[in-house]
Each structure stands twice: as structure tokens, then as C-alpha cells.
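Trainee: Attaching a single structure in C-alpha cells format; questions to follow.
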Amino acid sequence: DGGWSGVKPSIDVTQSRTGRFACRQQKALLLPLSRADDGVCDCCDGSDEPPSSNCKDECGLILAEERAARAKITMTFAEGSKRRSDEMAEYQQLLRETVDDIEELRFKKMPETRTQLNKVKENMMDMK
């Protein structure tokens, strides 16, 4: 089976095919196979080591910390998304107002100003 004589690995065949060890209670934590059965408890429940290794099950604390960190990230993302949405709405309103102002200047104020300018030019020509 490619293992050492007399040593029964705690890794199943599917894990050896993927090249990663998945902790029982931390499915997202994928360890290189070299970190399984190495005497160091990498998984919070010690599932990467044989039962005789005396790994303490610290999953309650560790998973609670992971859930709290994930909740904080989710909350921060939601706050950021709302802020972005609010700022985009504010930008859209400002854009509409600016376009309205430009159109008023272009189609109303500028023609009025041109008319006034032409009247002033005519008055100046009449004064000569």
C-alpha cells in the first residue's frame, strides 16, 4: 500500500488521492498529508492524529471564534454594501441635478445671454 511496515495510517484512501487531509469538524481546513500523523494536533478535534496522541478537543472554542470572525466579516460587508448603495444613490441624484443645470444653462441661459449681448452690440453700433 506504499506505507511503512507495521504502521497503520489514520488517513483514508480518498484523502491520500487529493493530497490533503480534511479535519472532521473543520471541513475548510485542508492540511497537507505531511501534517497528518506528525505528532502535532493541527485539527481542533485532533482528527489529524491517532487517538493515542492525547489531542484535546478544542473545537468549541475555536469554532466559536471562527463563527464570530465570519459574523464580523459578514456584518462589515453588509455595512460597506449599504454605504456603497447609499453613495451610489447620492451620486445618481447629483448627476441628475448637474445634467439638469447644464441643460438649463445650454438651452435657456445661454440663448438669453446671446440675445442680451446682441442688443448691447446693436446699441453700441447705434451710438457710433
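Trainee: Any idea what % of Cα-Cα pairs in the range 41-101 are farther than 19 Å? Write out the running numbers ahead of the final one.
Mentor: On the way: 1119 of 1830 pairs.
Counting pairs separated by more than 19 Å, the tail of P(r) holds 61 percent.
Trainee: Related question: For n ≥ 4 DSSP H runs only, could you compute -39500 (n - 2.57) per run for the chain, divide by its residues and tell me the 222 nm figure to the nearest 500?
Mentor: Values: 3 runs with 70 residues, N = 128.
After summing the helix terms and dividing by residue count, I get -19000 deg cm²/dmol.
Trainee: Let me ask something else about it. With the other protein chains left in place, how much accessible area per residue, in square angstrom, belongs to the range 63-109 at a 1.4 angstrom probe?
Mentor: Details: 4370 Å² over 47 residues.
With the other protein chains kept in place, the range 63-109 gives 93 Å² per residue.
Trainee: Students often get this wrong, so try it: which of [x] 44; [y] 18; [z] 62 is percent of Cα pairs over 25 Å apart as calculated from the structure shown?
Mentor: [z]
Trainee: Then there is this: Any chance you could count the Lys pairs in the chain whose alpha carbons are under 22 Å apart, treating pairs 8 or more apart or on different chains as valid?
Mentor: Total qualifying Lys-Lys pairs in the chain comes to 9.
Trainee: Further, regarding this structure: So, with a 1.4 angstrom probe, what is the percent of accessible area on the chain that is carbon and sulfur?
Mentor: Working: 6170 of 10830 Å².
For the chain, the apolar C and S fraction of the accessible surface comes to 57 percent.
Trainee: Taking the simple approach of a point 7 Å from Cα along Cα-to-Cβ for both ILE62 and VAL120, what is their distance in nm?
Mentor: According to this spin-label approximation, the distance is 8.0 nm.
The values are calculated or read from the model by the stated rules, or taken from the named source; none is laboratory data. All values derive from a computational prediction rather than experimental measurement. Here the Cβ is made from the backbone with ideal geometry for all residues, glycine too, and neighbour counts use every protein chain on show. Heads up: the accessible areas ignore ligands, DNA and RNA and are worked out on the full protein's heavy atoms, side chains in. Shrake-Rupley method; radii C 1.70, N 1.55, O 1.52, S 1.80 Å.
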